[in-house]
Each structure stands twice: as C-alpha cells, then as structure tokens.
Amino acid sequence: MKLGKPLIKELDNFRLLAKTEVANSKLMSKVTETLLYLGSRSHAIRLGHGLLVKDLPRHHVLSDRRILVVVDAKLKRLAKQLVRQLGSRCVGMALLSGGEKTKNLSTLPKLYEAAAKARLDRESVVIAMGGGVLGDVAGFFAATYLRGIRIVHVPTTLVAQVDSAIGGKTGVNLPVGKNLVGAFHQPSLVFVDPAILRTLSERQFRSGLAEVIKYGVISDPQLFKRLEARMDRILSRDPKELSWVIHRCCAIKAKVVSRDEHETSGLRAILNFGHTIGHGIEAAAHYELLHGEAIALGMIGAVDLSQKLLKLSKVAAERIKTLIEKAGLPTRLNARYKDAQILNAMKLDKKVSKGKIRFVLAQRIGSVKTGIPVSEEQVREVLAHLRA
Ligand SMILES: NC(=O)c1ccc[n+]([C@@H]2O[C@H](COP(=O)([O-])OP(=O)(O)OC[C@H]3O[C@@H](n4cnc5c(N)ncnc54)[C@H](O)[C@@H]3O)[C@@H](O)[C@H]2O)c1
Ligand SMILES: [Zn+2]
C-alpha cells in the first residue's frame, strides 16, 4: 500500500499522542486522559477515581447543550448527583434495568419518546451511565435518533470500563442471536471513574477481570506481570491499582480501535482472544455463566491450542492459567455443557468464516496471531481437556 501524505501525517499524530499517553500514565495524578485518534471522530477517554460528579459537568463537550441522562436503575442515586451538577442543561432522565434482557429492540421506543419529550436536537448530548448493556442500547439509540446525536459514555462495570464503552460498537440482540442489529457510533467522550465499581458484585467484578487478563496476553507483558504480582490489591479494588490497570486496558483498546475502527484490517480481531470457544460456551450454558467466566474458559482453550499450533511455551501457558485461577475465574468446564451445543454456537458466530473455525492464538505473553484455522476435532480435544 502506498502511503499518501495525509495518512503519514495521521500516523505521526498518532505517535505524538501515544507519547503523551505514556507521560500521562506516569503522572497518574487526578485525571488521566487517553486520546482515541480517529480523525474527525477523535475523542478522549478521561479517567479519574471518584471524580465523575466534579469533573464531567465541566467538560466542554457538555457546555451549552441539552442533555438526556440514560442510566442503569441501580445507579439512580449517583445519576441524581450528576444531574444536580448539570443544572438546567439536563432536560431528562431515563432509567433502564441492567442485564441482557434490556438489550433488545423493545427498549428503544422508551428512549426515543424520552428524547422527543426532552426536545433533544442535533446539538444535544446523551449521557449513558451503566454497564455494557446500557451502553450498547443507549449507543444505538444515540446513533439513530435524528440520524445520530452525540453520546458520552460513563461505564459503570469493569467490562464496560475496559471494553464496551470504547470503540463505538453499539447494538441490540434479536431472539435469534446477540448483537445482530447495530451501528458504529463513536462517543464524544468516555468518562471512566473506577470508584463507581465499589458497588459492583464480586462475581461481576471478577468476570470483568477476564477481559483485563486478555489485554495482558494479547499485547502487554508489563500489564500481565503487574496482574500476577498484585492480584490481591486489584481484587480488593485498591483505587491506585485499579486506576493503573484500567487506564492501561483503555489505552490498549484505544490503540487497536484507532488503527482498525471497523474491523477491516484484521487488527481489531486480536480483541477476540478467548472469545471463539468462549462465545460457544456462553451460548451452550444458556447464559448461566457470565461473559467473562465463559471467556476465561475460552482463553484456557485457546492457550491449549496455542501450545499445539504456535509453540506457546509450557511456562507461559501455566502463567496464563494460574492468573485466571488467581482472579477467581472458572478453569473447568461443567460436563453439562455438551460439545455439540458449543460447536453449533461457534459455527453461528460471526468470527467463523467459510466453514473454518479461525482462532486468535498466543505466540507468547503479549503477542498473538489471528486467523489460525482449527479443525472441529482439535476443538473437541480442547473441550475434553477443559472438562478433565
Ligand atoms: N460494544 C462493545 O464493544 C462490547 C464489548 C464487550 C461487551 N459488550 C456487551 O456488554 C454487555 C455486558 O456488559 P456488562 O457485563 O457490563 O453487563 P450489564 O450492563 O448487564 O451489567 C451487569 C450487572 O451489573 C449491574 N451494574 C452496573 N453497574 C453497576 C454498579 N456500578 N454497581 C452495581 N451494579 C451495577 C447491572 O444492573 C447488571 O445487573 C453484553 O451485552 C455484551 O455484548 C459490548
Ligand atoms: Zn468480551
């Protein structure tokens, strides 16, 4: 590919921003900012422990705008504090319940009606405050209302803070499958406040750690080492430790998305490490397992395949499995979840192309390869090993 001048300039800018990012992460002062560079859709991911109510209302993205707050009902109290600070700019608040059942088309009319009642216009902003479910639904609503209005994400689960609020994927489920209706719609700002995670259940928190471990495996040996050394502090939700880890994950996701926004070059696919078998298990378990729990098992399966197909060392494989265990995530597959169901669900997954099951596998901690073809027989072996 021949690099035209504008593209070279873009890459230079990205390098410049990446440097600022590192400088910021060393300071770790009150608020750190990571820039997701996407040309005209560039935006910041601000992170400040306990600073949401104080910092967000002052942000220029919200100045002189009509604002609709869409919030997970569990966070109503915090949302009210935020609304008070927003003052007359806040023209409405819509409450949604968390959990996958909210993520469907029938939730949307409620939001469109709230928007019409609040008289939102093309200059207005939606603040979406909640987990991945709320962010995905509210994101799709913002992408479609008046053909697209601004959205600010305030993610409130670990999954949402390190993953779903970043990257612009929005959407809802259909009865026949997850995430089948959606749109890419980049937010104007993401505000991450790890203090909001205080009220998150232990199980939900640990589930989010599966994605955190994933970032270490796919691209960051230093993050991986830190997780190994300080898992206890992370599990106790130590503010400094949590901020460092979440910031690091956000920076990785931002970097990947900025280089492959629409999953066209293949780079964004590295984020699917552990998700091929993981999605199969998630569906076969009829969602008895949380996403991160299924992904933890999927990562162990991918590690086994990586040893066989990419010569991942035994030491590295053991380190990954031990870390998953340390995070309190499952490492054994329940015998109730059968091969046929898991494989069927895997074949329906968007990540399967031309009948081949293609995997993201690890070469070493911090480096993965995408598009590795794996036979059904090899998957069955891995599943048997996971049940042993
Ligand atoms: N758009 C993306 O790129 C992307 C990426 C990953 C996952 N996702 C989607 O995200 C969804 C899963 O997100 P999730 O795990 O955050 O689920 P979720 O939004 O359902 O939240 C999990 C539970 O935690 C509750 N909750 C939220 N914040 C809380 C808090 N601070 N304290 C106490 N309880 C709180 C919710 O009410 C819910 O019961 C899935 O639908 C998945 O497809 C999207
Ligand atoms: Zn995931």
Point to revise | Relative compactness, segment 231-384, computed as alpha-carbon Rg over 2.2 N^0.38 Å | key: 1.06
Check your understanding: Net charge near ARG66, counting Lys/Arg +1 and Asp/Glu -1 over other residues with Cβ under 15 Å of its Cβ?
Key -> +3
**Study point:** Cα-based shape type of segment 99-178, given that a ≥ b ≥ c are square roots of the gyration tensor eigenvalues and the cut on a/c is 1.5
**Key:** oblate
**Study point:** Selected from GLY171, TYR37, HIS60, residue furthest toward positive end of dipole (the chain; charges at beta carbon)
**Key:** HIS60
Point to revise | Top of PRO57, PRO109, PRO175 by mean-square fluctuation, Gaussian network on the chain, Cα under 10 Å | key: PRO175
**Study point:** Among ALA251, PHE224, GLY278 - extreme Cα towards positive end, dipole of the chain, charges at beta-carbon
**Key:** ALA251
Practice item. Would you calculate the volume per residue, in Å³, of the smallest convex hull containing every Cα atom of the chain? Key: 139
Point to revise | Furthest towards positive pole of dipole, LEU343, PHE184, SER124, structure part the chain, Cβ charges | key: SER124
Review point. Can you give the three extents of the C-alpha atoms in segment 139-223 along their principal axes, from longest to shortest, in whole Å?
Key: 42, 30, 28
Check your understanding: Of SER219, SER106, SER42, which has the largest mean-square fluctuation in a 10 Å C-alpha GNM of the chain?
Key -> SER106
Practice item. Using every pair of alpha-carbon atoms in segment 308-388, split the distances into 10 Å bins beginning at 0 and state the percent of pairs per bin, rounded to integers. Key: 15, 42, 40, 3
Review point. Which residue fluctuates the most in the chain, going by a Gaussian network model with Cα springs under 10 Å, if the choices are GLU228, GLU33, GLU123?
Key: GLU123
Review point. Quick one: Debye curve from the C-alpha atoms of segment 168-278, no solvent, what's log10 I(q)/I(0) at q = 0.13 Å⁻¹?
Key: -0.60
**Study point:** Dipole in debye (nearest 20) - the chain, about Cα centre, beta carbon charges: Lys, Arg +1; Asp, Glu -1
**Key:** 520
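Laboratory data are not the source of any read-out in this text; all were calculated from the coordinates shown. A quick note: this is a predicted structure, and the numbers were derived from the prediction, not measured. All Cβ positions, even for glycine, are placed from backbone atoms using ideal geometry, and neighbour counts span all protein chains on display.
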